[in-house]
Amino acid sequence: MNARQKPDAADAPLVWERPEPAPRPAPGPLSRDGIVRAAIALADAEGLASVSLRKVGASLGAGPMRLYGYMSTKEELLELMVDAVYGEMAAAGPLRGGWRDVLRAMAHRTRRAAHQHRWLTDLLGGRPHLGPNALAHLEASLAALSDSPGFGDIDAALLAAGTVNAYVLGALQSEASELRAEHASGMDQAAWQRSTGPYIERMIATGRFPTLARVVRDATHPPPDVVFDRGLDCVLDGIAARLTR
């Protein structure tokens with residue numbers, strides 16, 4: 001490799017293991033953690049689309065080029081933001097109890113974090129997050145499972161943890177979609193249901209949708225917190241039933 005060539009991205013150290021630049025007293029001290037906290041504050045206030053190295057730098061009184069010493073891309077900044085939120089989740093304290101208790105607690109911690117940081121849902125999923133706090137979160141869930149009877153096979157523990165995570169992510173995406181719909185239409189769910197109610201009644205009156213008629217007539221439509229808990233119970237009950245086979 002000559003002096004003009006850049007190292008291959010696959011060979012470059014990940015941001016988690018990359019040392020920070022030497023401190024500079026002027027125009028103001030920076031740190032990777034301080035940059036991440038500023039980015040989180042910006043995303044909380046204005047949404048994820050507002051996060052850029054330029055805007056984050058401006059909030060810290062620094063140009064974007066100074067930030068490139070702490071992270072190479074915006075994607076690295078987003079990864080650091082996600083890991084910082086995993087750290088906030090861990091700050092709630094150690095997880096105790098059996099595997100059901102631990103997985104339930106982790107599901108609720110993730111949901112609370114996503115409600116506090118509305119942008120988080122868009123960054124969950126996909127490839128595993130590899131920051132130290134995210135790895136600690138995964139370690140805790142797998143440890144709770146692998147120490148329980150029936151999960152001696154690590155593949156079984158991975159499947160159970162992944163199933164719970166998939167449920168949580170799907171529930172969060174559904175809740176986020178509802179919020180986006182409210183913002184776009186200016187109507188909350190109750191107002192939207194009132195506006196579409198006459199149409200639904202006409203469609204049910206055709207007799208083509210008898211099961212949906214039962215939904216309208218008999219379903220209780222509990223609040224989101226109850227829906228989330230009931231769905232989580234279904235997932236955990238399914239895992240427990242699988243252990244008895």
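I need a count of the residues in region 95-138 that are of a type outside the set (S, T, Y) and in a helix (DSSP H, G or I).
The qualifying residues number 27.
So is G186 on the phi > 0 side of the Ramachandran plot and surrounded by 11 or more Cβ atoms within 10 Å (Cβ to Cβ) or not?
For G186, the condition - on the phi > 0 side of the Ramachandran plot and surrounded by 11 or more Cβ atoms within 10 Å (Cβ to Cβ) - is not met.
Tell me the residue from S141, S148 that is surrounded by 14 or more Cβ atoms within 10 Å (Cβ to Cβ) and outside any helix (DSSP H, G or I), please.
Unique residue meeting the criteria: S148.
Just checking, which of T163, T110, T196 is among the hydroxyl-bearing types (S, T, Y), loosely packed, with under 13 Cβ neighbours inside 10 Å and not assigned by TED's automatic domain parsing to the domain that holds V36?
Unique residue meeting the criteria: T196.
When A166 is evaluated against the numbered criteria (1) modelled with pLDDT of 90 or more; (2) of a type in the set (A, V, I, L, M, F, W, C); (3) in a loop (DSSP other than H, G, I, E, B), which criterion, by number, is the only one it fails?
(3)
The values are calculated or read from the model by the stated rules, or taken from the named source; none is laboratory data. These numbers were taken from a predicted model, which means no experiment stands behind them. Counting neighbours? That spans all protein chains shown, and the Cβs are built from the backbone with ideal geometry, glycine included.
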